[in-house]
1. Applying a 10 Å radius around every beta-carbon, put 283-292, 142-151, 10-19 in order of their mean neighbour count, most first.
2. Can you put H303, H265 in order, fewest other beta carbons within 10 Å first?
3. So if I take the centroid of the Cα atoms in the range 1-75 and the same for the range 218-256, what is the distance between those two points in Å?
4. Which value does Rg/Rh take for the chain over its C-alpha atoms, Rh per Kirkwood?
5. Beta carbons within 10 angstrom, averaged per residue: use that to sort the peptides 254-260, 238-244, highest first.
6. For n ≥ 4 DSSP H runs only, could you compute -39500 (n - 2.57) per run for the chain, divide by its residues and tell me the 222 nm figure to the nearest 500?
7. Can you give the convex hull volume of the alpha carbon atoms of the range 2-158 per residue, in Å³?
8. What's the center-to-center distance, using Cα atoms, between the range 119-157 and the range 288-331 in Å?
Amino acid sequence: MKIAIVKLSAMGDIIHAMVALQYLKKANSTLEIDWIVEQGFAKVLEGNPDINNILSVQLKSIKKDKKLIFMQIKQLKIYAKNNYDLVIDAQGLLKSALTATLLGKNRAGFSKNSIREGVASYFYTSKVDIAYDANTIDRNARVLSEPLGIDITRQMILDKKVFLFYDAAPEIESYLNKEKKNIIFVIGSTWESRNYPKEKFADIANALKENVLIVWGSLEEKERAEWIEANSSYAKALAKINLNALKALIGKSDLLIGNDTGPTHMAWGLNIPSITIFGPTPVNRVYETAINKVIKSVSEINHFKLNKNDFSILDIDFKKIVKMAKELLDA
């Protein structure tokens with residue numbers, strides 16, 4: 001059986017869906033799985049042995065130039081020649097549903113009441129019901145497994161094997177310390193209200209007194225990383241690195257502390273200890289395990305309408321994070 005998974009973006013969402021792959025292949029070793037993804041996130045998927053082909057698109061480019069839609073449609077029609085037995089839209093957006101429609105006749109996805117853009121469900125020939133405010137990882141596992149008659153339990157996800165992979169990245173080796181614990185800080189995210197203050201990140205570094213490495217993606221994040229470095233003798237802002245090097249760095253670290261964003265969720269996919277800091281987003285985006293912890297501000301969350309003006313993350317006591325970090329490092 002040949003299937004195509006449509007999960008275009010973003011990094012964290014892709015990671016949360018990838019966990020299902022090992023169980024799909026375990027249930028049916030002859031299953032052929034292709035993954036349709038935005039080109040900018042393709043490297044997140046690279047190296048996973050349960051994916052047969054990573055097929056990239058550039059649908060985001062259409063926003064800048066509407067004429068590019070014809071090129072993208074042409075590309076999807078080329079992919080459709082793979083004759084998929086089933087196309088699963090794990091995104092649940094209108095654009096992902098239209099993408100799935102161009103790829104094959106048999107399409108599965110979330111039911112109308114299970115997604116934000118309910119109109120997308122009309123494009124599926126089979127639909128999966130799961131509450132919109134259910135755990136994000138459970139939702140991804142369900143939409144990918146149920147259409148195939150496979151059951152992925154919570155315990156299976158807790159017992160998962162590493163599913164993110166990387167090639168050698170010599171550019172990160174000089175940053176790693178053999179004498180101290182290597183701790184990664186992920187200081188940025190898509191909304192300002194999801195960002196823990198740089199001052200408190202510096203406080204955490206100064207309290208832990210280990211080898212703290214700060215990753216960044218934008219110029220603004222770089223400036224924050226350099227500020228933390230300037231205010232902590234234990235922290236170092238890295239040079240800009242690619243996704244392969246980022247996976248390698250996290251995979252070789254002892255602990256990651258970061259905001260609710262894609263690189264933070266990489267630690268979970270690599271079975272590396274982590275602390276995810278939540279403000280205006282729900283903690284049930286992730287699984288809390290013996291090594292993957294969360295800390296949440298006191299604000300209440302409406303899953304159906306997240307409040308980007310909720311800056312309660314600023315009030316989280318850094319000492320609580322330090323205590324949690326020490327417990328994970330000493331485990």
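Laboratory data are not the source of any read-out in this text; all were calculated from the coordinates shown. This is a predicted model, so every value here is computed, not measured. When we count neighbours, we look across all protein chains shown, and the Cβ atoms used for this are built from the backbone with ideal geometry, even at glycine.
1. 10-19, 142-151, 283-292
2. So the ranking, lowest neighbour count to highest, is H303, H265.
3. 27
4. Dividing the radius of gyration by the Kirkwood radius yields 0.97.
5. Highest mean packing first, the order is 254-260, 238-244.
6. -9500 deg cm²/dmol
7. So the per-residue hull volume is 105 Å³.
8. 27
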